[in-house]
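First comes the structure, then the notes that go with it.
The values are calculated or read from the model by the stated rules, or taken from the named source; none is laboratory data. Remember, it's a predicted structure, so these values are computed and weren't measured experimentally. Heads up, the Cβs are rebuilt from the backbone with ideal geometry, glycines too, and the neighbour counts pull from every protein chain shown. Please note that ligands, DNA and RNA were not included when accessible areas were found on the heavy atoms of the full protein model with its side chains. Shrake-Rupley method; radii C 1.70, N 1.55, O 1.52, S 1.80 Å.
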Amino acid sequence: MKLPPDSTFLYVLVLFSGLAFSIPLASAQQIGVPYSRQDSLRGSITPEREWWDLVFYHLDIEVDPRKKTIEGTNSVYYTVLQEGQVLQIDLQEPMEIRAFRQEGEELTYTREGNAYFVNLSSPQKPGSSHNLEISYGGSPRISPNPPWSGGLTWEKDEKGKPFIANSNQGDGASLWWPCKDHMYDEPDSMLISVKVPDPLINVSNGRLRKTEKHDDGKSTYHWFVANPISNYGVNISIADYSHFSEEYLGENGPLSLDYYVLKENLDRARAQFKDVPRLMRAFEYWFGPYPFYEDGFKLIEVPYLGMEHQSAVTYGNGYQQGYKGKDFSETGWGLTFDYIIIHEAGHEWFANNITYQDIADMWIHESFTTYSESLFLDYHYGVNAGNAYLQGARQVIKNDIPIIGDYGVNQRGSGDMYFKGANILHTLRQWIDDDKKWRKILREMNKTFYHQTVTSSEIEAFLAKKTGFPLQSFFDQYLRTADVPLFQFYWKEGRLYYRWREVVEDFAMPLRIKQQDRIHWLEPTSEWQSTPALIEKEMIEADPNFYIFTQQIQPVTE
Ligand SMILES: [Zn+2]
């Protein structure tokens, strides 16, 4: 931002406002609303979850497009960590549990809303492994607004054939299959078997292990995921798909890129999906190897905008550049790529590789991934392109409520976790002032937390350690308040006076400013300081890559 000359001591407050688009994800509408027992059962690590550790799921279902039903089983393999005989499984209405079985015996259970407490009869000794088989079925909720509200979407392609997909981040995978529906625990691997009528095919996460043809005109597709996977990452995508593929030679060798699209869109997809190898190039450069070589990478057309399903990213951006043809930044840079392809694939590093334990920390997914859009531009078009994109996109920031939500109740924070979050990371990059180091940190982060579920505190501590900066107040400011640091300054008797306002205690981020062609670093705190080093009354400009507000004020008389 550029400030006018100070001769009039003009009161300048630079604000970014005027919402061009709203991002429907993460509205945090619940703030202030009391939480219920159901919120805690869903959002916390209850005693009935804590004692056992997920090892493997075999989800084995039949999807009936005509009746819009799902019927089948989920076999839950787990090891016992500590004493426990009651095990919590989640399944949301109107889906119904048919039976819980262990070692051939049907088990009793009690139920509290969406939480089922299963009474295990065989001894659960610490260190031992068990399998709980759950039969279930019904008509899962139809998503009222996919992907922002969870459920199934039952559409038709141009020829009237079924075109079906799920999306359930936030609402939970237990909308359509019974599971331990908390993010902290993931199975080490998973088998997803889905029976559908021919000629439909089902595409899920991981690799297609085999296709079973039945003599009733149906086929079962068995997809094996060789890596830990979050509940909300699990997907089914069903249509009469066309398939094409290519191989990408990446940091860890050859990576298969597979594309599943409606037959009528095959030509458009072949052109539009050229963004995929481009993003792999950029993201492997910045973040390190694609985290799921064993499972490959897939882009699958679905009847909603898109979702970061692990190794099976879903796509519904209409083969357009930008976000449904729009550019959040209004700089033109947002139209140089397909937003959904770049953004959802960026989540492979931040969401699928490094995964939040509690949705309150969803910034770990969305801030880094939105930031990855600018790094895609940075890689292909240079640093100025990425800078312009992030600065332009500030117009969608609301600064309404904190980015971090409430813990333990399945509650996300502000939608600012997208573009404000990206600008926060960009601001940290300015502070580091060494892009090689910044890249090294991002790559190390993906190694350190490889295939792990994490908390915001762990990520913050990692970044503080790697930068060597006291970042606690920085993250408290930007993630735990909705206030933007205000850089105040004035000139008096040949000195520039400056300080931070609207900041938490100890906030002391250095700031790069420019005067004419000279760069200066200031180290403002919340106390007034002064420097004689600048030319009095010459225009100064805070580096616009810092996400801050700036205000020139009347000289303060002491
Ligand atoms: Zn996202």
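Summary of values
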| item | result |
| --- | --- |
| Options Asp378, Asp416; residue that is within 16 Å of the ligand (Cβ to nearest atom) and part of a helix (DSSP H, G or I) | Asp416 |
| Test set (1) closer than 17 Å to Gln529 by Cβ; (2) at pLDDT below 95 - Arg501 fails condition number | (2) |
| First in segment 417-430 and farther than 12 Å from Ile364 by Cα, second anywhere and within 11 Å of the ligand (Cβ to nearest atom) and open to solvent by 10 Å² or more (accessible area, probe 1.4 Å), Cβ under 8 Å, 6 or more apart | Phe419/Ile23 |
| Odd one out for Met190, checked against (1) within 23 Å of Ala351 (Cβ to Cβ); (2) surrounded by fewer than 19 Cβ atoms within 10 Å (Cβ to Cβ) | (2) |
| Odd one out for Asp215 among (1) touching a Ser or Thr at 6+ places or on another chain (Cβ under 9 Å); (2) open to solvent by 40 Å² or more (accessible area, probe 1.4 Å); (3) over 30 Å from Val55 (Cα atoms) | (1) |
| Some residue of segment 450-458 being among the small types (Gly, Ala, Ser) and closer than 30 Å to Met539 by Cβ | no |
| In segment 464-513, residue most open to solvent (accessible area, probe 1.4 Å) [restricted to those that are closer than 16 Å to Leu428 by Cβ and among the charged types (D, E, K, R)] | Lys465 |
| Residue that is farthest from Tyr356 (Cα to Cα) [pool: residues in segment 141-179 that are assigned to a loop (DSSP other than H, G, I, E, B) and in contact with a helix residue (DSSP H, G or I) (Cβ under 6 Å, 6 or more places away or on another chain)] | Glu158 |
| Any hit, segment 229-237, residues being touching a strand residue (DSSP E or B) at 6+ places or on another chain (Cβ under 7 Å), open to solvent by 30 Å² or more (accessible area, probe 1.4 Å), under 20 Å from Gln92 (Cβ atoms) and not charged (D, E, K, R) | no |
| The listed residue being open to solvent by 10 Å² or more (accessible area, probe 1.4 Å), at pLDDT 95 or above and touching a helix residue (DSSP H, G or I) at 6+ places or on another chain (Cβ under 8 Å), out of Arg394, Arg439 | Arg439 |
| Test: Glu264 is modelled with pLDDT of 95 or more and over 21 Å from Phe163 (Cα atoms) | no |
| Every pair of residues 6+ apart whose Cβ atoms lie under 6 Å, when the first sits in segment 52-71 and is farther than 17 Å from Arg98 by Cβ while the second is open to solvent by 60 Å² or more (accessible area, probe 1.4 Å) and of a type in the set (Ser, Thr, Tyr) | Val55/Tyr77; Phe56/Tyr77 |
| Matching residues in segment 263-315 - criterion: being under 17 Å from the mean Cα position of the chain (by Cα) and of a type in the set (Gly, Ala, Ser) | Gly306, Ser311, Ala312 |
| Residues satisfying the stated conditions in segment 287-308, i.e. in a helix (DSSP H, G or I) and either within 16 Å of the ligand (Cβ to nearest atom) or more than 16 Å from Leu255 (Cβ to Cβ) (or both) | Phe287 |
| Unmet criterion (only one of (1) part of a helix (DSSP H, G or I); (2) away from the ligand (no atom under 11 Å from the Cβ)) for Gly421 | (2) |
| Filter result (basic (Lys, Arg) and touching a helix residue (DSSP H, G or I) at 6+ places or on another chain (Cβ under 8 Å)) within segment 423-436 | Arg429 |
| Yes/no for Lys324 being free of Cβ contacts under 8 Å to residues at least 40 places away in the same chain and within 16 Å of the ligand (Cβ to nearest atom) | yes |
| Among the residues listed as Ser204, Ser245, the single one being modelled with pLDDT of 95 or more, among the small types (Gly, Ala, Ser) and within 23 Å of Lys68 (Cβ to Cβ) | Ser204 |
| Single residue of segment 327-364 satisfying the filter (among the hydroxyl-bearing types (Ser, Thr, Tyr) and either assigned to a helix (DSSP H, G or I) or touching a helix residue (DSSP H, G or I) at 6+ places or on another chain (Cβ under 6 Å) (or both)) that is nearest to the ligand (Cβ to nearest atom) | Tyr339 |
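Residue-by-condition table, conditions (1) part of a strand (DSSP E or B); (2) buried (at least 17 other Cβ atoms within 10 Å of the Cβ); (3) touching a residue at least 12 places away in the same chain (Cβ under 8 Å):
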| residue | (1), (2), (3) |
| --- | --- |
| Asn74 | yes, yes, yes |
| Thr79 | yes, no, yes |
| Phe100 | yes, yes, yes |
| Tyr116 | yes, yes, yes |
| Gly127 | no, no, yes |
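Here's the yes/no breakdown for (1) among the acidic types (Asp, Glu); (2) out of contact with any helix residue (DSSP H, G or I) (no Cβ under 6 Å at 6 or more places or on another chain):
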position	(1), (2)
Asp416	yes, yes
Gly421	no, no
Glu444	yes, yes
Gln452	no, yes
Glu458	yes, yes
Lys466	no, no
Phe469	no, yes
Ser473	no, yes
